[in-house]
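Working notes, structure below.
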Amino acid sequence: MKWASALSEKATLTEAVAECAATVKAELGSTVPDLVVAFSSPHHATGYDAAPELLHHALGGGLVLGCSADGVIGAGQEVERSPAFAVSAAVLPNVTLSPFHIEDDKLPDEDAAPSEWESLVGAQASADPVFLMVADPFSIRGEALLMGLDFAYPLSAKIGGLASGAHQPGGNALFLGGSTHRAGAVGVALSGNITVDTVVAQGCRPVGQPMHVTACHANYLLEVDGQQPLKVLQELYSTLPEDDQRLARQSLFLGIVMDEMNDNPRQGDFLIRNILGADQEHGALAVGEVLKEGQTVQFHLRDATTSAADLDVMLTRYAASRRNSVGQGALLFQCLGRGAYLYGRPDHDTYMFHAKISDMPLTGFFCNGEIGQVSGTTYLHGYTSSFGIFRPKRDI
């Protein structure tokens, strides 16, 4: 297995593809890649329909997968708000690639059998595939897609993001094979001698203490540890230092432990969701996730310093857990709200990944939503950096 990453800031798509292809060929030699992942800034929008064929021809082959992106990541750089095109090319011996394009009206019902998902995707769960996918945020129910894939492929890792760069339906592009789609989701199931480790950094730190949900209705948090959550929050707020009080007024979230067996949650075990509003009369909070009684929850804060520290924790933890396994290439799906907008400078997350993990090829884009796993379940995230680190399986 071998990966290469390339980035071009050429003004035209033809020039950008040619420059990326030259870089990839220099790294891979005469070997034709099996998979080509590509992300294009909207400055090349007039060439979206031609991009897959241009890439395929320039590299001599390979399944093309990718999308439009408001910012792209490649070859150690993050480029935002200017022309850019990024490519990751992978040579994947003993790996079977099963590409798929799914439109929203083709999503199976909630009670559909796993076999319906297998037919839709073109891969058997018994083959133990991993999934790489990108989707259009305007035209597909992303959470329904991920829930269905988790149901049909419960042991399979899934990584990806929602396309960006357009502000209305039909403006984004999804690349698959030789075609460009304007709706739905595209992806590839990879089975055989490949696996992907996922690292999801949600950019938050907990404040206060973990609590148990003692009453809730749908996404309304009605009671924690027998108390009104708004009252608990007000009491917590009064104990916070001034800087944290400022954050609590503008960047307060609720972390939810999704693993019911986890009695001692730590940073990274929480699914971070927005607090959507408060009911002053009843002391309840509306949260961006359906809740269940008995769940462990904790308030969280986010800012640039917190996001950097959280990423450091998650990458350091991953590096320590994988001392004997070497990734060959990685993809990064980073929220549009991160990057230079959050940190005040470019390349922050890319630089930290290379410093903490390795200088392996890293490619990606800035997303309208990030696909990543928390406690074995796949979610759509916001404000997140979701990494997929690809390596051969040890047992093949």
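Every read-out reported here was derived from the displayed coordinates using simple, explicitly stated rules and does not represent laboratory data. The structure displayed is predicted, hence computed values, not measured ones. When we count neighbours, we look across all protein chains shown, and the Cβ atoms used for this are built from the backbone with ideal geometry, even at glycine.
Averaged over residues, the count of other Cβ atoms within 10 Å places the peptides 232-244, 202-214 in the sequence 202-214, 232-244, highest first.
Of all DSSP beta bridges confined to the range 1-128, the antiparallel ones make up roughly 75%. Here's how it looks for A215: its modeled amide H is under 5 Å from those of L222, E223, which are all 5 or more places away or on a different chain. Taking the range 103-126 and a reference point 7 angstrom along Cα→Cβ of S179, the backbone N atoms nearer than 19 Å belong to 103-108, 117-123. With the convex hull of the Cα atoms taken as the outline of the range 260-396, the averaged projected area works out to 10.4 nm².
Placing a label point 7 Å from the Cα of T316 along the Cα-to-Cβ direction, the residues of the range 344-369 whose backbone N falls under 13 Å of that point are 356-357. Once C-alpha pairs closer than 8 Å and six or more residues apart are averaged by separation and normalised to the residue number of the range 205-299, the relative contact order reads 45 percent. The angle between the Cα long axis of helix 13-28 and the longest principal axis of the Cα atoms of the chain comes to about 90 degrees, rounded to the nearest 10. All distinct Cα pairs of the chain go into the 1/r average, and the inverse of that average, the Kirkwood radius, is 21.6 Å. Counting only DSSP beta bridges with both residues in the chain, the antiparallel share comes to about 85 percent.
Between 0 and 90 degrees, the angle of helix 304-321 with respect to the longest Cα principal axis of the chain falls at about 70 degrees.
Summarising the label geometry, the points placed 7 Å from Cα in the beta-carbon direction at H101 and Q280 lie 5.2 nm from one another. Relative to the current alpha-carbon distance between Y237 and F151, full extension at 0.36 nm per residue lengthens the span by 27.0 nm. A full extension of the chain between T214 and V290 corresponds to an added length of 26.0 nm, given 0.36 nm per residue minus the alpha carbon distance.
Sorted on the mean count of surrounding Cβ atoms within 10 Å across their residues, most packed first, peptides 9-21, 102-114, 36-48 read 36-48, 9-21, 102-114. Only lysine pairs 8 or more places apart or on separate chains count here, and in the chain those with Cα atoms under 27 Å apart total 13.
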